[in-house]
Structure formats: C-alpha cells, structure tokens
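Input: a single structure, listed below in structure tokens.
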Amino acid sequence: MTTQPTIGVLAVQGDVREHLRALEDAGARAVPVRRTVELEAVDGLVLPGGESTTMDKLVRAFDLHQPLRARIAEGMPAYGSCAGMIMLADRIADARPDQQTLGGIDMTVRRNAFGRQVDSFEEDLHIHAIGGAPMRAVFIRAPWVEQVGDAVDVLAHVEEGPAAGRIVAVRQGALLATSFHPEVTGDHRFHQLFVEIVRGNA
Ligand code: GLN
C-alpha cells in the first residue's frame, strides 16, 4: 500500500468533519462514506460520534448494514468513537430491543453509562498504547465498556471519580474504540494509531 492510506468516515450522522480533519492531520487521505461503492474504496473506516440509534437506522436505510458488517468481518480496520464504539460492540446493555450494531469487538457496551446528570465531562487519561503525555478525553453522553472477551486489549480506564476503573478504550486486532472524542481536542494521537493500524493491515 502507499504510505498514505485512504480512510473513510461513515457520513450518515454525527461529527464527520472533525474526524476527516483529524485523519488528514494524521497522514491519511480522508473521505466521507455514504454508499457501498465508497465503502469498497477505503482501506479503513471511522465510525464517528453522534447518536447510535439514529446511526443504526440510517445505516440500514442506506443499505450499508450488511456491506459494513461484511467488510469488518473480512478484517477492514475500523475505529469507533462514542456512538461509533457502540456500533462496533458485539453486545449493548440496556438497548432498545430494535437497536442493532455492526459488531466486531467482543465486548458489552452500556449506552449513556455515566448517567443523565453527568452529560459530559473531561479527564486526562494515561494511555500506554499511544505513549507520551496524558491525553485529554472529552466524554459526551458517553458509553463505557462493561465486559470484554479474551481477544480484547483494554487501552484506557477512567482514572478519577465515581466511575474510576471503567473501561473507555479498547482494541481487538484492527478494531479500535473509544468512549471519548479525540477528534474534538486537536490531539490526534489516536487517529495516528489508527492510521498505523491501517498501514499495517495492508
Ligand atoms: N449517547 C450516544 C449514543 O448512545 C453517544 C453519544 C456520542 O456519540 N457523543 O449513541
């Protein structure tokens, strides 16, 4: 593969533009993906933050559900932030019965886990997998990971407050997910890690 992989951002709903910018900044060619032909042309895919129930409905309305599941199952690298993390979970806790995910990561994710009174918060996290200084993590009506299978590497936990110890970043092979939004802080080390995963997958 070229040194500049083409990475798509699922563009049916959510903070697509922020991810496109972060990916470009991290050295990828970044393109929005709304159709199967666009999906077929990318080396990896970001599932953005947004609202996972809406994203799920739109993915099905755009006839992207099966193609996305198929590419993920074939090993296409994917990175989901927040609602995107929910989309990559094999299981959701407390979801509406009709909410489907794409799956891929052997984990149970709880939606809006930090409680309605804690709509959003920020915290500095020490993340071994990206090294360097602690990373500012922005949580917005975020999920957490309640349970993981053996194949899943836990990359980060909440470090302070009542939710301390909760899992908020994971990796399983070429699949990456965070409860928080590195696309909004200007610190693009997570996107760089994902670009490296996509390069390594070639
Ligand atoms: N609460 C949203 C959901 O369940 C996720 C929030 C976000 O992506 N910022 O989909």
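Being touching a Phe, Trp or Tyr at 6+ places or on another chain (Cβ under 7 Å), closer than 29 Å to Glu24 by Cα, open to solvent by 10 Å² or more (accessible area, probe 1.4 Å) and assigned to a loop (DSSP other than H, G, I, E, B), is that true of even one residue in the range 130-142? Before you say what the answer is, go through the steps one by one.
Step one: list which residues in the range 130-142 are touching a Phe, Trp or Tyr at 6+ places or on another chain (Cβ under 7 Å), which gives 130, 137-139, 142.
Cutting the leftovers down to closer than 29 Å to Glu24 by Cα gives us 130, 137-139, 142.
Next cut, open to solvent by 10 Å² or more (accessible area, probe 1.4 Å) only: 130, 138.
Retained after the next criterion (residues that are assigned to a loop (DSSP other than H, G, I, E, B)): 130.
Within the range 130-142, one or more residues are touching a Phe, Trp or Tyr at 6+ places or on another chain (Cβ under 7 Å), closer than 29 Å to Glu24 by Cα, open to solvent by 10 Å² or more (accessible area, probe 1.4 Å) and assigned to a loop (DSSP other than H, G, I, E, B).
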Somewhere in the range 3-17, is a residue closer than 18 Å to Asp187 by Cβ and in a helix (DSSP H, G or I)?
yes
Do you know which residues across the range 175-202 are farther than 12 Å from Ala22 by Cβ, open to solvent by 10 Å² or more (accessible area, probe 1.4 Å) and in a loop (DSSP other than H, G, I, E, B)?
Ala202
Is there any pair linking a residue in the range 105-130 that is within 17 Å of Gly49 (Cβ to Cβ) and within 12 Å of the ligand (Cβ to nearest atom) to one that is aliphatic (A, V, I, L, M) and open to solvent by 50 Å² or more (accessible area, probe 1.4 Å), with Cβ under 6 Å and at least six apart or on different chains, and which?
Ser120/Ile140
Filter pass, Asp124 being open to solvent by 10 Å² or more (accessible area, probe 1.4 Å), touching a Lys or Arg at 6+ places or on another chain (Cβ under 8 Å) and not in a loop (DSSP other than H, G, I, E, B):
yes
Any idea which residue in the range 24-54 is nearest to the ligand (Cβ to nearest atom), counting only those that are out of contact with any Gly (no Cβ under 9 Å at 6 or more places or on another chain) and not in a loop (DSSP other than H, G, I, E, B)?
Thr53
Could you list all residues from the range 69-119 that are small (Gly, Ala, Ser), in a loop (DSSP other than H, G, I, E, B) and surrounded by fewer than 17 Cβ atoms within 10 Å (Cβ to Cβ)?
Gly75, Gly115
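The values are calculated or read from the model by the stated rules, or taken from the named source; none is laboratory data. Not measured: the values here are computed from a predicted model. Quick reminder, even Gly has a Cβ in these numbers, built from the backbone with ideal geometry, and neighbours come from all protein chains shown. Surface accessibility is based on the protein's heavy atoms, side chains included, excluding ligands, DNA and RNA. Shrake-Rupley method; radii C 1.70, N 1.55, O 1.52, S 1.80 Å.
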